[in-house]
Amino acid sequence: MIVSVRHRILKSLFEKGTAPGISRELKDSLLLWLSVMHAAKDVHDLSIARCSRQEKKKSSYRLHVEGIGTFSFRFADGDIQQLNYKQNLK
């Protein structure tokens with residue numbers, strides 16, 4: 001379950017379902033990934049095709065999603081904390 005979001009746009013999407021200044025395609029993709037991460041009970045639940053997961057430090061992870069960007073977060077006691085996002089620029 002996501003308990004804290006650092007990224008301003010992700011926070012707006014997670015809390016309100018909308019965010020100004022992003023394309024509809026990116027918004028839809030981010031909303032999908034937010035729902036996947038919110039449902040995750042364990043970091044292994046995020047082992048999905050077209051993405052790679054790496055552990056930075058103990059309980060800190062980066063999730064690279066092809067065509068979307070990179071999510072970084074801490075996973076502790078079944079909760080995703082300090083969720084952040086960086087868009088991949090083409």
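The values are calculated or read from the model by the stated rules, or taken from the named source; none is laboratory data. Quick caveat, the model's predicted, so the values are computed rather than measured. A quick note on method: Cβ atoms are made from the backbone with ideal geometry, for glycine too, and the neighbour counts reach across all protein chains shown.
Any chance you could count how many residues in region 69-85 are at pLDDT below 90 and either hydroxyl-bearing (S, T, Y) or closer than 14 Å to L31 by Cα (or both)?
Qualifying residue count, region 69-85: 0.
Taking region 39-79 on its own, how many of its residues are closer than 13 Å to I2 by Cβ and in contact with a Gly (Cβ under 9 Å, 6 or more places away or on another chain)?
The qualifying residues number 2.
Is it the case that I48 is outside any loop (DSSP other than H, G, I, E, B), over 11 Å from the mean Cα position of the chain (by Cα) and of a type in the set (A, V, I, L, M, F, W, C)? Break it down stepwise before answering.
Details: outside any loop (DSSP other than H, G, I, E, B): no; over 11 Å from the mean Cα position of the chain (by Cα): yes; of a type in the set (A, V, I, L, M, F, W, C): yes.
No; evaluated as a whole, the condition is false for this residue.
Just the residues that are in contact (Cβ under 8 Å) with a residue 12 or more places away in the chain and in a loop (DSSP other than H, G, I, E, B), please, taken from region 61-89.
Correct list: E66, G67, I68, G78, N88.
On the basis of being in contact (Cβ under 8 Å) with a residue 24 or more places away in the chain and in a helix (DSSP H, G or I), does H38 make the cut?
It is true that H38 is in contact (Cβ under 8 Å) with a residue 24 or more places away in the chain and in a helix (DSSP H, G or I).
Consider T70 against the criteria (1) surrounded by 11 or more Cβ atoms within 10 Å (Cβ to Cβ); (2) out of contact with any strand residue (DSSP E or B) (no Cβ under 9 Å at 6 or more places or on another chain): it satisfies all of them except one. Which criterion is unmet?
(2)
Among the candidates V5, V65, single out the residue that is at pLDDT below 95, surrounded by 15 or more Cβ atoms within 10 Å (Cβ to Cβ), under 10 Å from the mean Cα position of the chain (by Cα) and not polar (S, T, N, Q).
Sole residue among the options that is at pLDDT below 95, surrounded by 15 or more Cβ atoms within 10 Å (Cβ to Cβ), under 10 Å from the mean Cα position of the chain (by Cα) and not polar (S, T, N, Q): V65.
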